[in-house]
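The numbers here are math on the coordinates, done by the rules we state, and not lab data. Since we're looking at a predicted model, the values are computed, not measured. Virtual Cβ from ideal backbone geometry, glycine too; neighbours counted across all protein chains shown.
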Amino acid sequence: MNVLLITQELDPNSSNMRVAHDWAAAIAARCEHVTVLAARARRHDLPANVTVVPLRRSESDSRPLVLVRLLWHLFRLFARGRVDVVFAHMVPAFALLAWPFCKLRRRPLTLWYTSHGRTRALRLATRLIDLPITASADSYPVADSRPAVIGHGIDVARLRAANVPPARPPLIAFAARITPLKQVELTIRALGAPVLRDHPGQPVLEIAGEPFYPADREYVAGLKREAAALGLADRVTFRGGVPGTDMPALYARSTITVSCRAVPAMDKSALESLAAGVPVVTNNPSFISLFGDYADQLSFVGADPVALAARIAALLDKPAACQKIASDLAESVERFHGLEGFADRLVDIFRTLDGGGAVDLAAIENESGVL
């Protein structure tokens, strides 16, 4: 089977899109050939049966030019009979451009999407594609859709590979794209709450991530001003974008991570933290079922920095319990969201669609255990 993956970026050093590289390798291990059309492809380390085609040849290339090149390569690949199934990653426009070719050649078209953005393009793509695919039940925002829920596809072994000791003083890490949706200010305010400001361990905070939109850049500037106003400038570090290859070391240095979200959806960065053996504190109700008996210790409600600070302080005060939580939840993440099981489920979907069959969504969800 020949799989065509269309993605924004293919680069193991990417701070936001490392996952596309991991997925391409895992799909290639289960298929005859994978072609990756990537808007950006700076470097890669992929098997010989993967062909990577960069759509942006220089940073000055415009988005319309990238989309024109995408259309050309779609025409070329379909004309040569090199596509059995199309897997568009996170960008509904990619699926919309591929749809006429898939329709003409009767090839299945799928779209991976995990976000809160319910755009017109996403709604249209959902009606046209053969199957939407997502990580958890609340990660696909089109209400009348029925996506295949298969987990996040996290390379657990890579995240556990760093041989780096925990930082001293204790490090609280926040790793995500920096945008108001992620409520980064709550963690800064929690560090300023008396229970953490005066904590004997004097924990510090590192914020790893970068803004994308101009409004997000102003948001970052406001976060820095707030940290300074709270007298935390020497305890809060803004690291900017951290390459994907450096994330295992960041998690290894961390005692606790924080993951907040104004709109529920199972964030990949929180799962990566757990996979690396680091407990995460969150206000995101999507994680309650995964946390199980640990939900009261790892979750808080709403936008209350004092409650967040209390959860962090309690974990800092009980390092043995903290390690037990981390170990137990790492096993759960590997089971439900690990890369190998994810890739098996994904390629099974591709094969079923390629053979003209109907995907048994209930069976996939039962097998994955993802909610």
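Here the contact order of segment 254-371, divided by its residue count and restricted to Cα pairs under 8 Å and six or more residues apart, works out to 22 percent. Computed over neighbours whose Cβ is under 10 Å from that of residue 276, the net charge equals +1, Lys and Arg +1, Asp and Glu -1.
Stretch residue 217-residue 245 to full length: gain in nm at 0.36 nm per residue minus the Cα-Cα span?
7.7 nm
Taken along the Cα-to-beta-carbon direction at a fixed 7 Å, the label points for residue 63 and residue 42 span 2.1 nm. Rounded to whole numbers, the Karplus 3J(HN,Hα) couplings from phi for segment 246-256 are 9, 5, x, 5, 4, 5, 4, 6, 8, 8, 9 Hz, using 6.51 cos²θ - 1.76 cosθ + 1.60 with θ = phi - 60°, and x at Gly and Pro. In this structure, residue 262 and residue 82 have a Cβ-Cβ separation that, at R0 = 35 Å, corresponds to a calculated FRET efficiency of about 0.25. Put simply, the Cα atoms of the chain extend 66, 46, 40 Å along their principal axes, the longest span coming first. At q = 0.22 Å⁻¹ the log10 of I(q)/I(0) for segment 242-371 amounts to -1.31, computed by Debye summation with a single uniform scatterer per C-alpha, solvent ignored.
The lysine pair tally for segment 157-336, using Cα distances under 25 Å and a gap of 8 or more places or different chains, is 4. Give me the tail of P(r) for segment 183-285 as a percent: Cα-Cα pairs with distance above 22 Å. The share of Cα pairs beyond 22 Å in segment 183-285 comes to 32 percent. If you model segment 103-258 as an ellipsoid using its alpha carbon gyration tensor, with each semi-axis the square root of five times an eigenvalue, the axes come out at 37, 20, 13 Å, biggest first. In the elastic network of the chain, a GNM with C-alpha springs shorter than 10 Å, the most mobile of 289, 299, 58 is 58. Pairwise Cα distances in segment 157-336 exceed 19 Å for 53 percent of all pairs. Seen from all directions on average, segment 16-93 presents a Cα convex hull projection of 5.5 nm². Segment residue 229..residue 137, full-extension length gain: 29.2 nm, with 0.36 nm per residue of separation and the alpha-carbon distance subtracted. Both the radius of gyration and Dmax for segment 294-371 are 18.6, 56 Å, in that order, over alpha-carbon atoms.
Each of 271, 287, 166 was scored by the projection of its Cα onto the charge dipole of segment 157-336, and the greatest displacement toward the positive side belongs to 166; charges sit on the C-beta of Lys, Arg, Asp and Glu. Spin-label pair residue 367-residue 323: with each label point 7 Å from Cα along the Cα-Cβ axis, the two points sit 3.8 nm from one another. When only Cα pairs below 8 angstrom with a gap of at least 6 residues are kept, the chain shows a relative contact order of 17 percent.
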